[in-house]
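The values are calculated or read from the model by the stated rules, or taken from the named source; none is laboratory data. Bear in mind that the values here come from a model prediction, so they are computed numbers and not experimental data. We place every Cβ from the backbone using ideal geometry, glycine too, and count neighbours over all the protein chains shown. The protein model used for the area step is the full one, side chains on, heavy atoms only, and it has no ligands, DNA or RNA in it. Shrake-Rupley method; radii C 1.70, N 1.55, O 1.52, S 1.80 Å.
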Amino acid sequence: MSVSYDASAAFSALMYALSGNGGMRLGGRTLSAILNDKSFKFIDPISGKDRVSELRIIIEANGFGNVKIAGTSFPDKGYGTMYAATFQYPDGTIYVAYRGTGDGNWGYNADSAYGNGSSDMQEWALKYFEKTVGAHHREGNKLYVTGHSQGGNNAMYAALFSIYGGRIISCISIDGPGFNQATIDAAKRLWGDAYYESQRQKILGVYGENDYVHQQGEVHPEFAHFFVETNDNGNFADMHDIFSHISNGKLNNGPEDGIKEGPTSSLMSELINNLLENYPPEQRHEIAKVVMDIIEMKIGNGEGSSSLLDILAVIKELYPTLLDTIKDNPDTLFDVMRELGVDKMITDFVGEHPFIASALVLCLPFILDFLNDPDAVIRLIELIEAGIHFIEKCKEIAKNIKDFFVGCFKAIKNAVTKIVEWLLKISKGNKYAANNPYFKADTTKLSEYATRIGSLNTRLRRLDGALRLAFREVSPLDMRKFVWINFLTSGSSTLGKVQTYLSDAADRFATAESKANENMGG
């Protein structure tokens, strides 16, 4: 069986970036052209790092520059919120890759791992796989399917349920969780045990050494798998991040290196086993849904969200199982603490706060006794639950009181407004203004007349000046006529007074009109 773990890791990492650049044209373009496009951007939501240069290294290290995108599931083309892409090599080899969980999709993880049959996410994944294989794959060419996290589960689902499953060479699931029992039973009924077994053997697992997701699910079909060293630096989120599994464009190691499972992964496996043993299928599903809501911070945000009371109920239910898991695996727990750097945090705390640390050590026996008494812890949780319930009721009462007073103030304001309007209506001045909504004096016309008179007076003065210049050119006999003409054309002081009066009257009327409007509420 031909397997390329590095290719699966590369395409799985690319999916997180490509799905975030759905606005740019992807179909038919090579990976080299897409990553060198100036509009291509990718900030890793987990680490906050710009991963574009890292993706270019991945493409170059694996020689994928000429691999093109044959198609995608996004923007939404009838595949809901499921993200997938089809990578096509120049020789016709096809890789179908699925992206891990995105915002709003965590609930599907609970459905697929602990529900009662396939989830909507898995059905969208199958629909995309069959459509893209039918359109782009040709008999004789190689076909692979892969994905990370929820994408790994989608890849396994396609391998087990697709009509094209027989064409698949291998399915590489990176940190992918398992299935609920009903899904496995459905696959066996659909194809028969022999075919199911042949497809199961095509599934290969790649897990981060401290990954805490792949253990999820009621059933994990037994298949070959190996662990990968992770560049997590004690960061819990990085333990599951696909980019922490890769260095210089390649997986940190292969199956031949024999990397062992880390403490975080081991402790999670123990917890899941205890969960399966102690709770019936329906209860597992309910617990898983609340846990997914906590991860997605979908708490009390509307329909379908978990409330704080739901979360406390799950903690109350899980407490005995959590306590037993910790009691049975003390060494593993300490290893996890070292892996996360908790031991250093404790050492630093003791150095900075020696008196507080000493007090905690003295109280430790009482704390351990308390933790060893499930009933006491449950009573504490119930007390917290009652307190939260009381606070929620107080908030509800406070809101009702606020709404009552707001309603009162609105009623008072409306009443006062009506009274003021009524008083204005019964005012004599208001009655007159209502019947005579204008001033008899046309202030605009007054201003216009003043302007025209001023213009006429100015023209007379100009004519008078011109005549004065003409005095030098006339004979003494005609001088008498010119003096008379000059007298007639001199600027008139009377006209000036008329102009001033009209202009002043216009201003006074305009001011009076404005004040009247203000007093009448106009």
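At-a-glance table
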{"quantity": "Among the candidates 92, 63, residue that is modelled with pLDDT of 95 or more, under 20 Å from residue 165 (Cα atoms) and out of contact with any Leu (no Cβ under 7 Å at 6 or more places or on another chain)", "calculated": "92"}
{"quantity": "Of all residues in segment 26-48 being at pLDDT 90 or above and of a type in the set (D, E, K, R), the one that is most open to solvent (accessible area, probe 1.4 Å)", "calculated": "38"}
{"quantity": "Conditions (1) outside any helix (DSSP H, G or I); (2) open to solvent by 30 Å² or more (accessible area, probe 1.4 Å); (3) closer than 27 Å to residue 291 by Cα; (4) in contact (Cβ under 8 Å) with a residue 24 or more places away in the chain: number failed by residue 266", "calculated": "(1)"}
{"quantity": "Test: residue 72 is β-branched (Val, Ile, Thr), under 18 Å from residue 13 (Cα atoms) and in contact (Cβ under 8 Å) with a residue 40 or more places away in the chain", "calculated": "yes"}
{"quantity": "Any hit, segment 2-17, residues being out of contact with any strand residue (DSSP E or B) (no Cβ under 6 Å at 6 or more places or on another chain) and either loosely packed, with under 15 Cβ neighbours inside 10 Å or among the acidic types (Asp, Glu) (or both)", "calculated": "yes"}
{"quantity": "Which listed residue is open to solvent by 60 Å² or more (accessible area, probe 1.4 Å), assigned to a helix (DSSP H, G or I), among the charged types (D, E, K, R) and at pLDDT 85 or above, from 317, 277, 261", "calculated": "277"}
{"quantity": "Every residue from segment 323-336 that is in a helix (DSSP H, G or I) and either touching a residue at least 60 places away in the same chain (Cβ under 8 Å) or open to solvent by 70 Å² or more (accessible area, probe 1.4 Å) (or both)", "calculated": "324, 326, 327, 328, 331, 332, 333, 334, 335, 336"}
{"quantity": "Within segment 131-227, helices (runs of 4 or more DSSP H) holding 2 or more residues that are open to solvent by 30 Å² or more (accessible area, probe 1.4 Å) and over 27 Å from residue 268 (Cβ atoms)", "calculated": "181-191, 193-200"}
{"quantity": "The one condition in (1) more than 32 Å from the chain's Cα centre (by Cα); (2) open to solvent by less than 70 Å² (accessible area, probe 1.4 Å); (3) without any contact (Cβ under 8 Å) to a residue 24 or more places away in the chain that residue 254 fails to fulfil", "calculated": "(3)"}
{"quantity": "Matching residues, segment 94-112, being hydroxyl-bearing (Ser, Thr, Tyr) and open to solvent by less than 10 Å² (accessible area, probe 1.4 Å)", "calculated": "95, 98, 112"}
{"quantity": "Residue check, residue 120 open to solvent by 10 Å² or more (accessible area, probe 1.4 Å), within 16 Å of residue 26 (Cβ to Cβ) and acidic (Asp, Glu)", "calculated": "no"}
{"quantity": "Residues satisfying the stated conditions in segment 111-130, i.e. in contact with a Phe, Trp or Tyr (Cβ under 8 Å, 6 or more places away or on another chain) and assigned to a loop (DSSP other than H, G, I, E, B)", "calculated": "118, 119"}
{"quantity": "Residue under evaluation residue 37, criteria (1) over 25 Å from residue 103 (Cα atoms); (2) acidic (Asp, Glu); (3) not in a loop (DSSP other than H, G, I, E, B), criterion not met", "calculated": "(3)"}
{"quantity": "Test: residue in segment 125-138 that is touching a strand residue (DSSP E or B) at 6+ places or on another chain (Cβ under 8 Å), modelled with pLDDT under 95 and either within 20 Å of residue 175 (Cα to Cα) or among the basic types (Lys, Arg) (or both)", "calculated": "no"}
{"quantity": "Number of positions in segment 36-72 that are of a type in the set (Lys, Arg) and over 28 Å from the mean Cα position of the chain (by Cα)", "calculated": "1"}
{"quantity": "Test result for residue 71, open to solvent by less than 20 Å² (accessible area, probe 1.4 Å), in a strand (DSSP E or B), within 30 Å of residue 3 (Cα to Cα) and of a type outside the set (Ser, Thr, Tyr)", "calculated": "yes"}
{"quantity": "Pairs where the first residue, in segment 227-248, is farther than 16 Å from residue 51 by Cα and the second is hydrophobic (A, V, I, L, M, F, W, C) and open to solvent by less than 10 Å² (accessible area, probe 1.4 Å), C-beta under 7 Å, 6+ apart", "calculated": "228/206; 230/239"}
{"quantity": "Qualifying positions in segment 58-68 - in a loop (DSSP other than H, G, I, E, B) and out of contact with any Phe, Trp or Tyr (no Cβ under 7 Å at 6 or more places or on another chain)", "calculated": "63, 64, 65, 66"}
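Each row is one residue, and each column tells you yes or no for (1) over 33 Å from the mean Cα position of the chain (by Cα); (2) not aliphatic (A, V, I, L, M).
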site	(1), (2)
137	yes, yes
150	no, yes
155	no, no
167	yes, yes
193	yes, yes
197	yes, yes
206	no, no
214	no, yes
